[in-house]
Amino acid sequence: MKTQFSIGIKLTLLCIFFFVIVYGMLIWGIAFFAAPNHGQGELAFKNEKAVGFANVGQAFTQDKYFWSRPSAVNYNAAGSGGSNKGPSNEEYLQLVQARIDTFLVHNPSVKKSQIPVELVTASGSGLDPHISIQATRIQIERIAKARNINREKIAELIDSNIERPLFGLFGPSVVNVLKLNIALDELSK
């Protein structure tokens, strides 16, 4: 019995050493040497000043900006998470309906059936900084009116900010909302 107990303790200590220290240092090293900004996140700049992390969603609610995907955690990167409420939950359905109503008030030329789902539902992490190309294009009318900018210029701006899938295979083409809004401010100057 003592032999098995000592083997169990040794195996536990070996696993702790390997999976906590060695594996942790390996992942940290890969992030430090291979990831942008040494694994500290991708900073977004405006007028040479850091204005946020491009890989964490932010709230944009003014008509002159592209709106982000809603967040169940208020864009708090310290605690990501979804709402965990299903499509049969009355409270959740009321929240989504309120988001739809708000979107329609600010975008009167859009029909309810045209609203992309990511503009009224939160992502699983609550921190998604990207929206689909369709979700950006449906907001052009509102932004063009609010900023008094030609719609075609805004469409060109969207096209120049599209992020393609990794190797053209993994995931859809998306647009980073923070980067797009920074470019939009630059266009408006």
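The values are calculated or read from the model by the stated rules, or taken from the named source; none is laboratory data. It should be emphasised that the depicted structure is a prediction, and the values quoted were computed from it without experimental measurement. Counting neighbours? That spans all protein chains shown, and the Cβs are built from the backbone with ideal geometry, glycine included.
In the set (1) of a type outside the set (Asp, Glu); (2) loosely packed, with under 10 Cβ neighbours inside 10 Å; (3) under 23 Å from ILE154 (Cα atoms), the condition left unmet by THR3 is number (3). Examine region 124-136 for a residue that is in contact with a strand residue (DSSP E or B) (Cβ under 7 Å, 6 or more places away or on another chain), in the same structural domain as TYR65 (by TED's automatic domain parsing), closer than 20 Å to ASN176 by Cβ and among the charged types (D, E, K, R), and state whether such a residue exists. Scanning region 124-136 turns up no residue that is in contact with a strand residue (DSSP E or B) (Cβ under 7 Å, 6 or more places away or on another chain), in the same structural domain as TYR65 (by TED's automatic domain parsing), closer than 20 Å to ASN176 by Cβ and among the charged types (D, E, K, R). A count restricted to region 71-99 and to residues that are outside any loop (DSSP other than H, G, I, E, B) and of a type in the set (A, V, I, L, M, F, W, C) stands at 4. The set of residues in region 90-142 being at pLDDT below 90 and polar (S, T, N, Q) consists of SER123, SER125. Would you please list the contacts, defined by Cβ atoms under 8 Å and residues six or more apart or on different chains, that run from a residue in region 28-48 that is at pLDDT below 75 to a residue that is loosely packed, with under 11 Cβ neighbours inside 10 Å? Listed by first residue and then by second, the contacts come to LEU43/ALA50; ALA44/ALA50.
Regarding ALA35, is this residue exposed (fewer than 14 other Cβ atoms within 10 Å of the Cβ), farther than 30 Å from ARG142 by Cβ, within 22 Å of the chain's Cα centre (by Cα) and assigned by TED's automatic domain parsing to the domain that holds ALA146? It would help to see each step written out before you state the result.
On the way: exposed (fewer than 14 other Cβ atoms within 10 Å of the Cβ): yes; farther than 30 Å from ARG142 by Cβ: yes; within 22 Å of the chain's Cα centre (by Cα): yes; assigned by TED's automatic domain parsing to the domain that holds ALA146: no.
Spelling it out, it is not the case that ALA35 is exposed (fewer than 14 other Cβ atoms within 10 Å of the Cβ), farther than 30 Å from ARG142 by Cβ, within 22 Å of the chain's Cα centre (by Cα) and assigned by TED's automatic domain parsing to the domain that holds ALA146.
The numbered conditions (1) over 20 Å from the mean Cα position of the chain (by Cα); (2) charged (D, E, K, R); (3) buried (at least 17 other Cβ atoms within 10 Å of the Cβ) are all true for GLU152 except (3).
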